[in-house]
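S.K.: What follows is a structure written as structure tokens; I'll ask about it next.
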Amino acid sequence: MQGNGLKARLGKHRNALGTRTGFDQLEERLCYSVTVISSPIASGQELKIVGDAAADTINILDEGNGNVTVTGESGNLLGAADNVSVIRVNSKGGADVVSYTLANPLAHVEKLFFNLGAGADQLSIDLSAGIDGANLHVTANGEAGADTISATLGDLATAKAILELNGDEGADIITVSGAPNVSADSVLKVTLSGNEGKDAIATALSGTYLGKVVVNVEGGKGVDTISTTLTAQAESTGKLRALARGGKGIDNVTLNVIDETIVEEVSTLEVLNAKIIDRPGTDALTFTDNVKVVTGKKA
Ligand SMILES: [Ca+2]
Ligand SMILES: [Ca+2]
Ligand SMILES: [Ca+2]
């Protein structure tokens, strides 16, 4: 019945083409500018979400069990599928607003690709529900324009989560936060790249790390501001590695690693390896005393 209703409305628009008002045109643009197509692949279903050259709103709600629903600006249903293992968003030009929300802990292997296209786009990724017994790989590319990309992380249990967030051209804002507890058999790897433009990249994570946590931040070209604060809460016995690199331009780089496991000057972390690379040594640096600073030209 819903399908018939949609056809009827489309027909009405077509019939009214000659005398269509501006409002009708706007309504049509809002309703039909995003296409959602689900197709079978070896690992399940691939959901392709494609916008147009104008500003699109794409809201992705993932139930964590493979069921994914995509809605638009007014909550209108754009598409849905079960057994989803790959989501590819291509929002194209325009200032797009894209959100991905995990409603329950992810228990289904997934790969997410966000290509935001030209224009100042906004992407928010909410993984605060966490991951339980699955692997997740997120690749986001802001492409041209001053993009804002944010991610919120949750607990990892028998999980591998890889986040690669890339601002690309333009003055981008990339923010990663949350309180992920990482189990002994879990891996969290976060790679943030500002690339060209004057970027602001802020990371603030705090949790109990029994497994492996790796955070790499690169400002790339331009005068970047990088602020990374990682807190290993008491009882953490895992491996924590962090790298911050301003890249070209006189950057402002902060890397604070707060080791709350220390009892009588001894850390319970198996590995704590935190490093700032500043060549040729012109960045403004702020860091805790467990961070190694590498300056000067390569030998
Ligand atoms: Ca678009
Ligand atoms: Ca963009
Ligand atoms: Ca940059």
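S.K.: For segment 56-104, list log₁₀ I(q)/I(0) at each q in 0.16, 0.27, 0.29 Å⁻¹, using the Debye formula over Cα point scatterers of equal strength and ignoring solvent, two decimals each.
M.R.: -0.43, -1.08, -1.18
S.K.: Next up: By the scheme Lys and Arg +1, Asp and Glu -1, what is the net charge of all other residues having a beta-carbon under 13 Å from that of Glu46? Don't skip to the end; give the middle numbers.
M.R.: Numbers: positive: Lys48, Arg88, Lys111; negative: Asp82, Glu110.
Cβ neighbours under 13 Å give a net charge of +1.
S.K.: Among DSSP bridges having both ends in the chain, what percentage is antiparallel? Round to the nearest 5.
M.R.: Here the antiparallel bridges make up roughly 15 percent for the chain.
S.K.: Return a single number: how many Lys pairs in segment 37-295, at a sequence separation of 8 or more or on separate chains, have alpha-carbon atoms below 16 angstrom apart.
M.R.: 16
S.K.: For the residues Thr203, Thr57, Thr231, what sequence is obtained by ranking on other C-beta atoms within 10 Å, fewest first?
M.R.: Numbers: Thr203 24, Thr57 21, Thr231 18.
In order of increasing Cβ crowding within 10 Å: Thr231, Thr57, Thr203.
S.K.: Only four residue types carry charge here, +1 at the Cβ of Lys and Arg and -1 at the Cβ of Asp and Glu. Report the dipole size of segment 132-212 about the Cα centre in Debye, rounded to the nearest 20.
M.R.: The calculated dipole for segment 132-212 is roughly 380 debye.
S.K.: Give me Glu169, Glu235, Glu73 ranked fewest to most by other Cβ atoms within 10 Å of their Cβ, as a rough exposure proxy.
M.R.: Values: Glu169 18, Glu235 12, Glu73 15.
Final ranking by Cβ density, sparse to dense: Glu235, Glu73, Glu169.
S.K.: Once you have the Cα-Cα distance between Ser99 and Ile262, take 0.36 nm times their residue separation minus that, and quote the gain in nm to one decimal.
M.R.: My answer for the length gained is 54.8 nm.
S.K.: Rg to Rh for the chain: what is it, with Cα atoms only and Rh by Kirkwood? Kindly include the intermediate steps, with their values, before the conclusion.
M.R.: Working: Rg = 21.7 Å, Rh = 20.6 Å.
Value, to two decimals: 1.06.
S.K.: What value in Å³ per residue do you get for the convex hull of the alpha-carbon atoms in segment 217-275?
M.R.: Taking the convex hull of the Cα positions in segment 217-275, it is 66 Å³ per residue.
S.K.: Can you give the local net charge around Thr191? Use residues other than it whose beta-carbon is closer than 9 angstrom to its beta-carbon, Lys and Arg +1, Asp and Glu -1. Mind showing how you got there, number by number?
M.R.: On the way: positive: Lys189; negative: Glu164, Glu218.
That sum, taken over residues with Cβ under 9 Å, equals -1.
S.K.: Given +1 on the Cβ of Lys and Arg, -1 on the Cβ of Asp and Glu, and no further charges, what dipole in debye does segment 37-295 carry about its Cα centre, rounded to the nearest 20?
M.R.: Dipole of segment 37-295, to the nearest 20 debye: 580 debye.
Bear in mind that the values in this text are calculations on the coordinates, not laboratory data. Not measured: the values here are computed from a predicted model. Using ideal geometry, Cβ is built from the backbone for each residue, glycine included, and neighbour counts are taken over all protein chains shown.
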